[in-house]
């Protein structure tokens, strides 16, 4: 039987026109084989593709880049939640339970295209001096300009520098990053301008096919609690200094919980026919 599935292109965590993380969202009536999901993600060519299918009163999510499957992507979860509401699969007044391989995310619809996502904050440990210096050199931070560093449970390094001008001048060594034993390196700096965001961020994850992330939700699971403890405030905003840019608001709660908020928009709606996707797995 012909299977027609909904496919939407959504920008997640936007910060104005032509910003945010372009994400392909595929709504499935039933689970699809992994090799087909991986093949379709490569066919679509966006940095991330998320597959959404209903499971009881929840929705199961699977995340793919053109190169690999991810346990979780906060960007893509944000886009998926927005699409579920836009397709009328749940009323805006009802929260969503999004099930990932990294745990449950509770999403809620807010005004003007806003989506909030409550989840467990990510754990992190400090980087030792040698590893901090090595990471700084790989992304072009001058010697002595790193204030502190941490390593997330997802094996990502995050380095703090003095100001955003250093972030703007970063020049990562992508071939060496691919050889390094980390899944990516990010850099952050406080905002010094009243009325602006609280901190800035850039993130490089070439192992996942993302030389530079347009906007990172996942890193803020560790980074927002760190900045919250330094700034002594529970609600913070983070602006991504990538070419497209993005904006995330974080509310750091008690008991290791965090809520990340942002706006999304739909760019394209289409359908895909799955009847011709047959044959043995190439993986």
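With respect to the conditions (1) at pLDDT below 95; (2) under 19 Å from residue 250 (Cβ atoms), residue 182 falls short on a single one, namely (2). Count of the range 2-37 residues, restricted to those that are at pLDDT below 95 and assigned to a loop (DSSP other than H, G, I, E, B), is 12. Within the range 109-151, the set of residues being within 17 Å of the chain's Cα centre (by Cα), part of a strand (DSSP E or B) and surrounded by fewer than 20 Cβ atoms within 10 Å (Cβ to Cβ) comprises 114, 116, 118, 120.
For every residue, the table says whether it meets (1) outside the structural domain of residue 203 (by TED's automatic domain parsing); (2) out of contact with any helix residue (DSSP H, G or I) (no Cβ under 7 Å at 6 or more places or on another chain); (3) farther than 17 Å from residue 48 by Cβ; (4) buried (at least 16 other Cβ atoms within 10 Å of the Cβ).
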site: 223; (1), (2), (3), (4): no, yes, yes, yes
site: 227; (1), (2), (3), (4): no, yes, yes, yes
site: 233; (1), (2), (3), (4): no, yes, yes, no
site: 239; (1), (2), (3), (4): no, yes, yes, yes
site: 243; (1), (2), (3), (4): no, yes, no, no
site: 268; (1), (2), (3), (4): yes, yes, no, no
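Within the range 38-65, being assigned to a strand (DSSP E or B) and under 25 Å from residue 246 (Cβ atoms) holds for 48, 49, 50, 51, 52, 59, 61, 62, 63, 64.
Listed by first and then second residue, the pairs with beta-carbon distance under 6 Å, at least 6 apart or on different chains, first residue in the range 73-87 and at pLDDT 95 or above, second assigned to a helix (DSSP H, G or I) and surrounded by fewer than 24 Cβ atoms within 10 Å (Cβ to Cβ), form an empty list. Put simply, of 7, 26 the only residue that is buried (at least 21 other Cβ atoms within 10 Å of the Cβ) and either out of contact with any helix residue (DSSP H, G or I) (no Cβ under 8 Å at 6 or more places or on another chain) or in contact (Cβ under 8 Å) with a residue 12 or more places away in the chain (or both) is 26. Of the helices (runs of 4 or more DSSP H) lying entirely inside the range 156-266, those containing at least 2 residues that are touching a residue at least 40 places away in the same chain (Cβ under 8 Å) and touching a strand residue (DSSP E or B) at 6+ places or on another chain (Cβ under 8 Å) span 164-168, 220-231.
The values are calculated or read from the model by the stated rules, or taken from the named source; none is laboratory data. Computed from a predicted structure; not experimentally measured. Ideal geometry is used to build each Cβ from the backbone, glycine not excepted, and the neighbour counts take in all protein chains shown.
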